[in-house]
Structures are given as structure tokens and as C-alpha cells.
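Let me begin by presenting the structure, written as C-alpha cells, before commenting on it.
The values are calculated or read from the model by the stated rules, or taken from the named source; none is laboratory data. Since this is a predicted model, take the numbers as computed values, not measurements. Cβ: placed from backbone, ideal geometry, glycine included. Neighbour counts: every protein chain shown. When the accessible area is computed, the model is the full protein with side chains, heavy atoms only, and any ligands, DNA or RNA have been set aside. Shrake-Rupley method; radii C 1.70, N 1.55, O 1.52, S 1.80 Å.
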Amino acid sequence: MDVLYFAWVRERIGLPKERVETSATTVMELVEELRNREERYQAAFADLTALRVAIDQDLADFDAPLAGAREVAFFPPMTGG
Amino acid sequence: MRIVVQSDPFDFGAEAGEFAAGHHDMGAVVTFTGIVRGDGGLDRMEIEHYPGMTEKALEKIAGEARERWSLGDVLVIHRFGAMKPGEMIMMVATAAPHRKDAFEAAEYLMDYLKSRAPFWKQEFTADGSAWVAAKDEDEDALTRW
């Protein structure tokens, strides 16, 4: 699936988008896999209360299932308007 | 209903005028415009967004407003990219038979697009840059709806 990062999450991880081959069944499992990769992922995912997630461009929870998901995005709380 | 996400500036007067014209059964039009404030030595603001999700989220918010209030039309224009103090960031407009619906729907749109539309503001000053943190009060504002 495609994993996208925005704002300071993108800056900490150092890229806006990557292709991830994963067997994770929930967002939380995907987060754990990414955390185990490298320091920069640990830094980005240190505090999940400071993060939001979208599955296929709809806001979701961290315990949401990933079955059939094509695109998962991580970003800080939004500041539009 | 029109949703526009663009980096270019927009002409508020022309947009508001066009929106307000031609609604023979709409007695009220409300507009809101957000402008970059030059507080704290701000040089510029840059807004990042999530192409695709942004349009989808704005359409959802506008659609919910139309279900909730008696509205003839809704317009949302939101910019991304770099903006200087004084520049317009975004506008919403609502048209309704009566003003209460138009005012309330415009407030609803603003409350929701502040914390449910995927935009992120970054402020640049002479000292560097910082991402704007979401405020608890913006999240709290949703509970009144």
C-alpha cells in the first residue's frame, strides 16, 4: 500500500510517500512495523495522541482494520481555515 | 455547491458577487473570509494539504451543512502554498431563504474545515519556521453542533 506523510510527520520521516509491503491488519500494527524500522520513524510516531490517520482519504482510528486499504496517511491535527 | 482548492489568489468581491446573484428564492447570503495575520513578525505562511482528501473532506462538510440547514447554495474556496500577511487564505459563502440558516451554516463550515479538512499551516519568520499547532478550542467547537 501507499503510505503518505504530511507536515512535520513528513519532515521527521524525510519523505512524503512510500510504498510499504505489509501484513499488518490494523493501523496500529502498521505503526509498530514502521517504528521498528529506524529512529526517524520512532521520532515521528512517538506520541500517537499528536497524530491523525486517514485510510483511503477518510479519517480513521488507530485500531481500524487495513483490509483492502490502498492508501494510509499520517499527519498532525489539521489547521485549516 | 462549488468547492475550490487552489494556490492562486481569488477575487473575493467577484466570487461573492457571483455567488449572491441569481438566487431569486434566497433572501440571505453570508460570507466569511480568512486572512493571514501578520502577528509576531510573520513573513509568510505556507499551507500544505492532502490533494484528493482535501476536496473529498470539503465536499463532505458542505454536504452535511446542506442536510442540516435549508441552503440554496454553498461555496468553499481554500488556498494552499505560500501567502503573505494580508492575503486571503479562504472563503465560505452560504445562501439560504433566511439569515439564521445562512449564518449558522457558515459557522458550521468554518468550525469543521478548521479541524476536519487536511490543511496544515506553517509560519515563517526571520527566526525560522514552525508548524501551527491545532487548538483544543477548535476541536471543542465541534461539540456544539
Legend entry - Hits in segment A:1-34 - residues which are among the charged types (D, E, K, R) and open to solvent by 50 Å² or more (accessible area, probe 1.4 Å): A:Arg10, A:Glu11, A:Arg12, A:Lys17, A:Arg19, A:Glu21, A:Glu29, A:Glu32, A:Glu33
Inset, instruction - Kindly establish whether B:Ile77 is assigned to a strand (DSSP E or B) and buried (at least 19 other Cβ atoms within 10 Å of the Cβ). - result: yes
Legend entry - Residue tally, condition more than 11 Å from the chain's Cα centre (by Cα) and of a type in the set (A, V, I, L, M, F, W, C), over segment B:100-118: 3
Legend entry - Enumeration of residues in segment B:42-70 that are within 13 Å of chain A (Cβ to nearest Cβ), in contact with a helix residue (DSSP H, G or I) (Cβ under 9 Å, 6 or more places away or on another chain) and in contact (Cβ under 8 Å) with a residue 60 or more places away in the chain: B:Glu48, B:Tyr50, B:Ala57
Legend entry - Hits in segment B:1-31 (condition: part of a helix (DSSP H, G or I) and in contact (Cβ under 8 Å) with a residue 60 or more places away in the chain): B:Phe12, B:Glu15, B:Ala16, B:Phe19, B:Ala20
Inset, instruction - Residues being within 30 Å of A:Ile55 (Cβ to Cβ), touching a strand residue (DSSP E or B) at 6+ places or on another chain (Cβ under 7 Å) and surrounded by fewer than 18 Cβ atoms within 10 Å (Cβ to Cβ): count how many of those fall in segment B:35-54. - result: 1
Legend entry - Unique residue being out of contact with any Leu (no Cβ under 9 Å at 6 or more places or on another chain) and open to solvent by 40 Å² or more (accessible area, probe 1.4 Å) when the list is B:Met110, B:Met1, B:Met88, B:Met83: B:Met88
Inset, instruction - Give the residue that is nearest to B:Ala82 (Cα to Cα), with candidates limited to residues of segment B:113-139 that are of a type outside the set (Asp, Glu) and more than 9 Å from chain A (Cβ to nearest Cβ). - result: B:Phe124
Legend entry - Evaluation of A:Ala44 against (1) at pLDDT 95 or above; (2) at positive phi (one fails), failing number: (2)
Legend entry - Selected residue (only one of B:Ala62, B:Ala102, B:Ala57 is touching a Ser or Thr at 6+ places or on another chain (Cβ under 7 Å) and crowded, with 21+ Cβ neighbours inside 10 Å): B:Ala102
Inset, instruction - Specify the residue that is farthest from the other protein chains (Cβ to nearest Cβ); the eligible residues are those in segment A:44-61 that are surrounded by 13 or more Cβ atoms within 10 Å (Cβ to Cβ) and more than 15 Å from A:Leu4 (Cα to Cα). - result: A:Leu48
Inset, instruction - For residues that are assigned to a loop (DSSP other than H, G, I, E, B) and over 29 Å from B:Lys135 (Cβ atoms), tally how many sit in segment A:5-57. - result: 9
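A quick yes/no check of all residues on (1) among the polar types (S, T, N, Q); (2) more than 12 Å from chain A (Cβ to nearest Cβ); (3) within 20 Å of B:Asp11 (Cβ to Cβ):
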site	(1), (2), (3)
B:Gly72	no, yes, no
B:Val76	no, no, yes
B:Ala82	no, yes, yes
B:Val92	no, no, yes
B:Ala105	no, yes, no
Legend entry - Whichever residue in segment B:32-41 is more than 12 Å from the chain's Cα centre (by Cα) and not in a helix (DSSP H, G or I) and, among such residues, is farthest from the other protein chains (Cβ to nearest Cβ): B:Gly38
